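Each reported figure results from applying straightforward, stated rules to the coordinates on display, with no laboratory input. Not measured: the values here are computed from a predicted model. With ideal geometry, Cβ positions are generated from the backbone for all residues, glycine too; neighbour counts draw on all protein chains shown.
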Amino acid sequence: MRISGMFMPTQREVPADAEIVSHQLMLRAGLMRKVASGIYSFLPMGHRAFRKVENIVREEMDRAGAQELIMPAVLPAEVYMASGRWEKFGPDMFRLTDRGGRDFCLGPTHEEPFTETVRDYVRSYRQLPITLYQIQHKYRDEQRPRFGVMRAREFVMKDAYSFDADEQGLDRSYQAMYQAYCRIFDRCGLDYILVHADSGAMGGSGSQEFMVKSDVGEDAIAYCTACSFAANREKAPCPAPGPIEKESMKDVEKVHTPNFKTIEELMDFLGLPPTEFAKTLLYNIDGKIVAAMVRGDREVNEIKLKNLFDATELAMAGPADVERVTGAAVGFAGPIGIQESVPVIADLEIEGMLNFVVGANETDFHLKNVNFGRDFTPTRTTDIRNAVEGDPCPDCGAPLSMCRGIEVGHIFKLGTKYSEALGCNFLDSNGTEHPMIMGCYGIGIGRTLAAVIEQHYDKDGIIWPIAVAPYTAIVVPTNSTDETINALALDIHEKLQAKGIEVLLDDRDERPGVKFKDADLIGIPIRITVGRKAAEGKVEFKLRGGEEVLEMTPEDAITETMKRIDNA
Ligand code: ATP
Ligand code: MG
């Protein structure tokens, strides 16, 4: 393909509203164009890379025995009503009405239509298992669309659904998808970790997320480098501390502590580290006030706390509630004397603390040398804090590491939630009817593409792994008025094309510097430069990701290109 005739609107400037590298580079390299918030067009170069990812996904789904179909994006309300999700999606769902006043939506995810489809055609255990998938646009009116196609409102998802007769069948279907996902993300050149996700909301019995390690990821992950443990930070269990020496307990002392804005300031004044402080935070959980205690330097894990009460709403209690419960201004809450009016939930770690500081439930006062069990007994002592770097791994005890991750894929054992709601049943060998056991498996194609860029770039632009590159090679003649150079460049381009290589020829009348800059920005993996030594039968071979420039014959450059592709 000759660049002179291409629609490839590259940009020099970093677009103002693009916060993360992949978003900036996708706009600068002319891969996509913003149409509205969270809604993008893929331009030719971007579309090619997009199709590469899509095809990898398709090949691996097919290899795993899943069958592709395509459903409409416009779906009647009834499809989502039986499962209750017409209400549940709330404002995230794009809704529309036809001329007859009938309600429709743009599908946000397709558990319901797949379940109905299988329900209508599959009757017997003999027809199971089945895994169906599609690669199709999804619509979610996200509250905060951002980072380009990472969190878009219209995005392409590969969504697969498995239907089995029993749990063992589901395990097998799930395992097949798990393996396919590993192959997909490996082929895309992604460094990812597998996280056991909080599956609370969807009501399933097993779920894993494929997380691409990246500082711009929205999820905090605790993972172990010694074993394969990884979990969303919200879910990572924190251990109970060892026993304390009761003999060392000192007498409680009340201290005057006015005007301290932070725990650090307060503890500084007392000459103690924040680890000697136990903070008491009041929450409003489904309308009920609850006190939560964690060590001064820790964070309350609101998801753990919420799950403890099986609650739907959790917020910090307002100042009026704090004052009523503690009888003091905000900032002086402590566990002693409030158990009568509110439950006190202490983190496991509190039990291992000795002679610590708490609020006195009296304005401008704290208590020193407080001890668990002696001075107060919480309503419940359990794990309610966020894991931190260095906490012991719950599986092997090695210190945990923390990173941020981009969720590119999600595999999920759904169980019978949708099959029961929608009557998707089969008859077993005795003629007894059972709901099918389902799994669902999603990959965001655009998000995966953006994640590839987040892990493969430098200051000059994208560095595509060969498997997802829009073109594999680019031939750059350095002087467009030199006949020898042009002829050789054209010849190499044609030979590569004849071998089925996706190759660009930068035949523009531009300085070499400009051509190199563009080639680097769009990230083409292999560059063959045809310059002054063309007459001697020499060209330059360079990989986008490396510094080395190798001089070789045109034939060798072609061979080398083929070799790189084979090894990719
Ligand atoms: P998130 O927590 O990021 O909102 P989700 O849990 O809503 O994701 P799923 O419903 O499991 O995501 O969707 C499956 C996959 O679809 C995700 O792993 C992700 O790759 C992709 N995806 C989800 N929402 C978006 C979005 N708004 N834009 C782009 N891709 C998305
Ligand atoms: Mg979401």
Check your understanding: How many nm is it between the label spots at S429 and E548, if each spot is 7 Å from the Cα in line with the beta carbon?
Key -> 6.1 nm
Review point. Taking the Cα atoms of the stretch 454-554, what is the range of coordinates along each of the three principal axes, in descending order and whole Å?
Key: 40, 28, 23
Study note, to complete from the structure: Dipole check, the stretch 406-523, charges on Cβ (K,R +1; D,E -1), about Cα centroid: among G444, G431, Q455 the Cα furthest to the positive pole belongs to G431
Check your understanding: Can you give me the pair-distance distribution of the stretch 288-371, C-alpha pairs, 5 Å bins, whole percents?
Key -> 3, 14, 24, 26, 21, 10, 3, 0
Review point. Binned at 5 Å from 0, what are the whole-percent values of the Cα-Cα distance distribution for the stretch 260-416, short to long?
Key: 2, 9, 16, 19, 19, 15, 9, 5, 4, 2, 1, 0
Review point. Taking H as built 1.01 Å from N, whose amide H comes closer than 5 Å to the amide H of I384, not counting residues under 5 places away?
Key: L348
**Study point:** Value of Rg/Rh across the stretch 76-209 [Cα atoms, Kirkwood radius]
**Key:** 0.98
Practice item. Only helical DSSP H runs with n ≥ 4 go in: add -39500 (n - 2.57) per run for the chain, normalise by residue count and round the 222 nm mean residue ellipticity to 500 deg cm²/dmol. Key: -8000 deg cm²/dmol
Check your understanding: Taking a Cβ-Cβ separation under 4.7 Å as the criterion for a possible partner, which cysteines of the chain have none?
Key -> C105, C182, C188, C238, C403, C424, C440
Exercise for review: Find out how many positive minus negative residues lie around A329, taking Lys and Arg as positive, Asp and Glu as negative, among other residues whose Cβ is under 11 Å from that of A329.
Suggested key: -3
Check your understanding: If one computes P(r) from the Cα atoms of the stretch 122-273, what percent of pairs lie at distances over 23 Å?
Key -> 62 percent
Review point. For the stretch 1-119, what is the largest minus smallest coordinate of the Cα atoms on each principal axis, given in angstrom and ordered from greatest to least?
Key: 53, 38, 28
Practice item. For the stretch 414-491, divide the Cα radius of gyration by the Kirkwood radius and give the resulting Rg/Rh value with two decimals. Key: 1.47
Check your understanding: With each pseudo-label sitting 7 Å past Cα toward Cβ, what's the T559-R123 distance in nm, one decimal?
Key -> 6.5 nm
Revision key, fill the gap. Between the alpha carbon centres of the stretch 1-36 and the stretch 499-568 the gap in Å comes to 22 Å
Point to revise | chymotrypsin sites (Phe, Trp or Tyr not before Pro) restricted to DSSP loop in the stretch 305-385 with at most 16 other C-beta within 10 Å | key: F309
Practice item. With the Cα gyration tensor of the stretch 346-477 in hand, convert its eigenvalues to equivalent ellipsoid semi-axes via √(5λ) and list them largest first in whole Å. Key: 48, 35, 14
Practice item. Quick one: grab Rg to one decimal and Dmax as a whole number for the stretch 349-425, Cα atoms only, in Å. Key: 22.0, 65
Study note, to complete from the structure: Taking only the Cα positions of the stretch 304-345, the convex hull volume per residue in Å³ is 85 Å³
Check your understanding: Taking N as the number of residues in the stretch 79-118, what value does Rg over Cα atoms divided by 2.2 N^0.38 Å take?
Key -> 1.18
Exercise for review: Using 0.36 nm per residue of separation minus the Cα-Cα distance, give me the extension gain between T275 and C182 in nm, one decimal.
Suggested key: 29.4 nm
**Study point:** Tail fraction, Cα-Cα pairs, the stretch 329-388, threshold 12 Å, whole percent
**Key:** 68 percent
Revision key, fill the gap. Two pseudo-spin positions, 7 Å from Cα along C-beta at I244 and at T484, lie apart in nanometres by 8.5 nm
Exercise for review: Go through 256-269, 178-191 and give me the packing order, highest mean Cβ count within 10 Å leading.
Suggested key: 178-191, 256-269
Review point. For the stretch 493-551, what class follows from the C-alpha gyration tensor (a ≥ b ≥ c being the square roots of its eigenvalues): rounded when a/c is under 1.5, otherwise prolate if a/b is larger than b/c, else oblate?
Key: rounded
Practice item. Report, please, the projected area of the stretch 451-498 averaged over directions, based on the convex hull of its C-alpha atoms, in nm². Key: 4.4 nm²
Practice item. Using the 2.2 N^0.38 Å rule of thumb for compact globular proteins, work out how the chain stacks up: its C-alpha Rg over that value, please. Key: 1.22
Review point. Where the only charges are on Cβ atoms (+1 Lys, Arg; -1 Asp, Glu), what is the dipole of the chain about its Cα centre, to the nearest 20 debye?
Key: 1160 debye
Revision key, fill the gap. Unit-weight point scatterers at every alpha-carbon of the stretch 190-297, Debye formula, q = 0.10, 0.20 1/Å: log10 I(q)/I(0) is -0.55, -1.15
Revision key, fill the gap. Here the percent of antiparallel bridges among DSSP beta bridges lying wholly in the stretch 1-121, to the nearest 5, is 100 percent
Study note, to complete from the structure: With Rh as the Kirkwood radius over Cα pairs, the stretch 16-79 has Rg/Rh of 1.11
